[in-house]
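Below is one structure, written out as structure tokens, with a few remarks after it.
The values are calculated or read from the model by the stated rules, or taken from the named source; none is laboratory data. This one's a predicted model, so the numbers in the text were calculated from it and none came from an experiment. Cβ sites come from the backbone with ideal geometry, for glycine too, and all protein chains shown count toward neighbours.
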Amino acid sequence: MPGADADAFMRGIPADDARPCACCPGGDSGPAAAPGGSQLDACWLGHLYACEGLSTYQIAARTGADRQRVTRVLREAGVPLRPRGAGRLRPVRRPGHPALMRALYLDARLTSRQVAAILGLPERTVRDRLRRYGIKARSRGGWNREDRAAVPAGVLRLLYAELGMTAAEAGRRLGMSADEVLRAAHANGLPVRAGGAVPLPGPEPVELVLALYADPLIDAALTAHGIPRVPAAGRVSERFPEPVPLTTPLVKDLYWGCGAGLNHIELLTGQPAESIRGLMQRAGIPRRHPGGRTPFMRRWRAGQPQPGP
């Protein structure tokens, strides 16, 4: 096949001003088999290489010939060979534009698995693209930090602090659990009353985050692990935009060495309590017997001034 015909093959990929491939009469999609039955016909190989975009490896597999022989026939026919791996047909990229990813993941609050199902991408690819586009991944677990119900500080202060409702009573009014009320109170810097089976008269209100930082054992553990002290204001996700990475020694020191509870460790690290529970299970850290106050709370209570007679 002369060089002019080779140019026709390459132009037949096609450009608007190109002549059709010699093996594609009338501009059709091409013959179903090699003309004349010869799998190594130069015209046929040129069609497979230029029009169908197959590599020399793929042509060799289809024709049953040696790849070096396919390459030699193409070169002798004057077909320009593409750089290795550079000229093959690329698959159509699946959707994953940054604006679309942000709309689905941040605005619609879908999980990476749900985004993957919508876009037809593997979940790992979705997470990789989120990181590439600078979209911060939400914390995982049953107690997702960003998705928790937000309670206005003024409403919470009225119900819990001024009207004296218990956390359970305020929660029934607000449609949430008592734990969520207490967590919201800690996040907004409201003093939390120390509870118990028997109400004790006269205790001062507790601001739990400040009490945690003031505890000598917890203070020593945070210093040993290089954990910063974050002011007790705002939600946990606002106090810790980047949660402190959890390690087995850190959790073991805070839980067993300092007697802190899971919610206490959350307030100190920004990690969801459910994630802390999961790390303890994986690391084989045993849990204390359920019920009653944590050692930290008993220690804090013992240091409070007792009411007068």
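Output yes when any residue across region 89-98 is at pLDDT 80 or above and not in a loop (DSSP other than H, G, I, E, B), and no when none is. Yes, region 89-98 contains a residue that is at pLDDT 80 or above and not in a loop (DSSP other than H, G, I, E, B). Taking the criterion of being touching a Leu at 6+ places or on another chain (Cβ under 7 Å) and surrounded by 21 or more Cβ atoms within 10 Å (Cβ to Cβ), the residues of region 47-62 that qualify are 48, 49, 59. Taken as a whole, region 237-260 holds no residue that is in contact with a Cys (Cβ under 9 Å, 6 or more places away or on another chain) and in the same structural domain as residue 221 (by TED's automatic domain parsing). The listed residues are 42, 108, 33, and the only one of them that is under 30 Å from residue 135 (Cβ atoms) and at pLDDT below 85 turns out to be 108.
Selection of first residues in region 162-178 that are assigned to a loop (DSSP other than H, G, I, E, B) and of second residues that are surrounded by 17 or more Cβ atoms within 10 Å (Cβ to Cβ) and at pLDDT 80 or above, restricted to Cβ pairs under 6 Å at least 6 apart or on distinct chains, gives the following pairs, ordered by first then second residue: 165/159; 177/171. On the basis of being under 33 Å from the mean Cα position of the chain (by Cα), farther than 20 Å from residue 137 by Cβ and free of Cβ contacts under 8 Å to residues at least 40 places away in the same chain, does residue 265 make the cut? So residue 265 passes the test. Restricting 232, 260, 197 to those that are assigned to a loop (DSSP other than H, G, I, E, B), under 19 Å from residue 182 (Cβ atoms), at pLDDT below 85 and under 30 Å from the mean Cα position of the chain (by Cα) reduces the list to 232.
Candidates in region 114-151 are the residues that are among the charged types (D, E, K, R) and part of a loop (DSSP other than H, G, I, E, B); of these, the one that is modelled with the highest pLDDT is 136.
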